[in-house]
Amino acid sequence: MAGHNKWSKVKHIKARVDVIRGRVFSKCAHEIALAARAGGGDPSTNSRLRTAIDNAKAVSTPKENIERAIKKGTGELGGTAIQEVTYEAYGPSGTAFIIEMATDNINRTAQDMRTIFTKNNGSVATPGSVSYQFDRKGEIRLAAESVAEDRIMDVAIEAGADDVQSDESEHILYTAPNELGTVANALRAAGLPPVSEKLVSIAQNPAVVSDLETAKQILRLYDILDDYADTLNVFTNFEVADDVLEQLGD
């Protein structure tokens, strides 16, 4: 799974801990609101909401943020309803992007996406023109200390996962999209609660970036998209070549 390799190499460059935590809280609130809007505000009868709340708690999202997001989703707080929308786009050197959003103003968000990509050597694409390059998977993350690396593959297979990748900080399990909840629940039953569980899009054929300036442009675009207030997830197919990564880290 190339996506894990990519982010394990790139994430040490992005050391904005406090900003990242704020953005994580915001993304969790968006997902909770969407889940509550789609299936109601009771997590006992809304599995998507239960998962969203679990994910929020795993990153220490304040209780009041969670409660407010549920009320926003169910309409108790009034205002314009949040909607889900996905954009497909191309970045520098034809790199592919999929951006999942939660917005209360689709027209504004669409215009902002066009502006962001135009200013960063890219363009918004028509639906379907990028997504076919990605595989949809369920992704479950576990802390590395929760289970030894020499056992995680057996645990993952027994739970129903398709694949697992490990590093010094975490294990990442991949599942079929419709098996995500089943596998996550099996792990919980085995005493291994996930740190997060969500659907992801993984590039089939990663595009290796071997030029320093191009890598800087793509990473800058990724940061802008990831920091955008309505963004839930950003998926892309770029990989940074090792020699270029070393230069970026200097």
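Of note:
- The gain in end-to-end length when the Glu64 to Asp135 segment is fully stretched comes to 22.0 nm, 0.36 nm per residue minus the alpha carbon separation.
- Test item: Cα-centred dipole of segment 90-206, Lys/Arg +1 and Asp/Glu -1 on Cβ, debye: 740 debye
- Computed label-point distance, nm, for sites Asp226 and Ala110 using a 7 Å Cα→Cβ extension: 2.8 nm
- GNM top mover of Thr51, Thr118, Thr109 - the chain, alpha-carbon springs below 10 Å: Thr118
- Two tests apply to each whole DSSP H helix in the chain, Cα reach of 27 Å or more along its axis and mean Kyte-Doolittle hydropathy of at least -0.5, and the ones passing both are 17-39.
- Think of it as helices only: each DSSP H run of n ≥ 4 in the chain is worth -39500 (n - 2.57), and spread over all residues that comes to -14500 deg cm²/dmol at 222 nm.
- Take segment 99-250 with all the other protein chains still there, run a 1.4 Å probe, and you get 48 Å² of accessible area per residue.
- Cross-linked pairs Lys71/Lys137; Lys27/Lys71; Lys27/Lys216; Lys63/Lys137; Lys27/Lys72: Cα-Cα separations exceed 21 Å for Lys71/Lys137; Lys27/Lys216; Lys63/Lys137.
- Whole-number Å³ per residue for the convex hull built on Cα positions in the chain: 131 Å³
- Fraction of accessible area attributable to carbon and sulfur, the chain (%, probe 1.4 Å): 49 percent
The values are calculated or read from the model by the stated rules, or taken from the named source; none is laboratory data. This is a predicted model, so every value here is computed, not measured. No Cβ is skipped: glycine too gets one built from the backbone with ideal geometry, and neighbour counts run over all protein chains shown. Surface areas here come from the heavy atoms of the whole protein model, side chains and all, with no ligands, DNA or RNA. Shrake-Rupley method; radii C 1.70, N 1.55, O 1.52, S 1.80 Å.
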